[in-house]
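Okay, so here's the structure we're looking at.
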Amino acid sequence: MSDASELPKKEEEEVSPEPEPEEQSDDSSEDEAAGDTEMDFLRNLFSGALGLGSPEKVLDELTLEGVARYIKSGKCQNILCMVGAGISTSAGIPDFRSPGTGLYANLQKYNLPYPEAVFQIDYFKKHPEPFFALAKELYPGQFKPTVCHYFMKLLKDKGLLRRCYSQNIDTLERVAGLEGDDLIEAHGTFYTSHCVSFCCRKEYNLDWMKEKIFSDDVPRCDKCSSLVKPDIVFFGENLPVRFFTSMKMDFPRCDLLIVMGTSLQVQPFAGLVSRVSKSCPRLLINMEKAGQADPLLGLLGFGGGMDFDSDKAYRDVAHISTCDDGCLALADLLGWKAELEELVKREHARIDSQDKSGESKGAAAKDTEV
């Protein structure tokens, strides 16, 4: 599957995953999240109509420079990042939707009934071969993290990153140094895999799955012979429980939201932008503006979407560029550019050294066999 691509949600009705029998907590978490969203709507509607709760303007200027000054002020201590496929395209990983180069535009060779079928759980259970053929092409471990990934690591090192919410399944955030409590992989990950049988659910690690995929074997459970699937969220599956529980804690406390490399079209991930407080600044680093508020909802006083250009804009900043260039520009304004470039250089050299070491060990093993 795409190494760092957004999880492909095709239609609106597929946005709310069906509950799996053994994970009823997922369903209740999503119901609660939907209820919270409805309450947010009503709260914004009435406060807007009555002229109550005027939001505080935190940024002195709606520019990247204004965001940098806010970070440097010391008032910004809980940064959340929301990231999608665009942060990994410079690593050589295609996104889903770009015309001609996106993943969906290049799936004809797999003879699918429609492109999204490769990520449909029901289709996968009947025809797993196309998914695993695609996974072999784009398997984690064949790519290095980007400048953007390491910028988030720098935020972590400086004690400013509360959490990264990622749509990507490539594990590149982990390779860059975000792990455990730093990361919410909203659409799952290749890092672990499980047997698809509800009666078994045996877990397998990344190395086991990699060996199966690169030997062109359809992975089967050692225990029950059912299919084994990486723990990525297909159409028709639940998002991780941790996504719903963490967002309720993180977003009300966020004092800067940085959104990078995502179209903000995939729910429920896209709706996270509305869960920060009304005064929380939101920075979008992307090739185009995304997640903008519906004009009608704006008139009704529901300001959850991004507002970059209206007369009422007071907290949202759009920096139109590649994610890497945007992160370098922000790092430069913060006085971190040299540190970021050195981090990228050092970590890429370390990864290259590990790769060469692995190749040498592999060659030595072959010589021994001979």
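The values are calculated or read from the model by the stated rules, or taken from the named source; none is laboratory data. In this text the structure is predicted, and so the values were computed from the model without any measurement. Cβ atoms come from the backbone with ideal geometry, glycine included; neighbour counts cover every protein chain shown. Protein only, heavy atoms only, side chains kept; ligands, DNA and RNA dropped before computing areas. Shrake-Rupley method; radii C 1.70, N 1.55, O 1.52, S 1.80 Å.
Listed by position, the helices (runs of 4 or more DSSP H) contained in the range 187-303 that have at least 3 residues being of a type in the set (D, E, K, R) are 206-214, 241-253.
Which of the residues belonging to the range 151-173 are more than 25 Å from K210 (Cα to Cα) and either among the hydrophobic types (A, V, I, L, M, F, W, C) or assigned to a helix (DSSP H, G or I) (or both)? F151, M152, K153, L154, L155, K156, D157, L160, L161, C164 - these are the residues of the range 151-173 that are more than 25 Å from K210 (Cα to Cα) and either among the hydrophobic types (A, V, I, L, M, F, W, C) or assigned to a helix (DSSP H, G or I) (or both).
Scanning the range 148-160 for residues that are out of contact with any helix residue (DSSP H, G or I) (no Cβ under 8 Å at 6 or more places or on another chain) and of a type outside the set (G, A, S), we see that the one that is nearest to G86 (Cα to Cα) is L155. Per the listing H194, H187, the residue uniquely open to solvent by 10 Å² or more (accessible area, probe 1.4 Å), touching a strand residue (DSSP E or B) at 6+ places or on another chain (Cβ under 7 Å), of a type outside the set (S, T, Y) and under 30 Å from R220 (Cβ atoms) is H194. When C200 is tested against (1) modelled with pLDDT of 95 or more; (2) on the phi > 0 side of the Ramachandran plot, exactly one condition is not met: (2).
Every test in (1) outside any loop (DSSP other than H, G, I, E, B); (2) in contact with a helix residue (DSSP H, G or I) (Cβ under 6 Å, 6 or more places away or on another chain); (3) crowded, with 23+ Cβ neighbours inside 10 Å is passed by P145 save one, and that test is (1). Condition check for L178 on (1) open to solvent by less than 10 Å² (accessible area, probe 1.4 Å); (2) closer than 30 Å to D316 by Cα; (3) among the hydrophobic types (A, V, I, L, M, F, W, C); (4) outside any loop (DSSP other than H, G, I, E, B): one failure, at (4).
Within the range 128-142, the residues that satisfy the criterion of being touching a residue at least 60 places away in the same chain (Cβ under 8 Å) and open to solvent by 30 Å² or more (accessible area, probe 1.4 Å) are E129, K136, G141, Q142. Of the residues making up the range 181-191, those that are farther than 20 Å from F235 by Cβ and either among the charged types (D, E, K, R) or modelled with pLDDT under 90 (or both) are D181, D182, Y191. Whether any residue in the range 138-147 is touching a Phe, Trp or Tyr at 6+ places or on another chain (Cβ under 8 Å), modelled with pLDDT of 90 or more and farther than 24 Å from R220 by Cα is what I want to check. No, the range 138-147 contains no residue that is touching a Phe, Trp or Tyr at 6+ places or on another chain (Cβ under 8 Å), modelled with pLDDT of 90 or more and farther than 24 Å from R220 by Cα.
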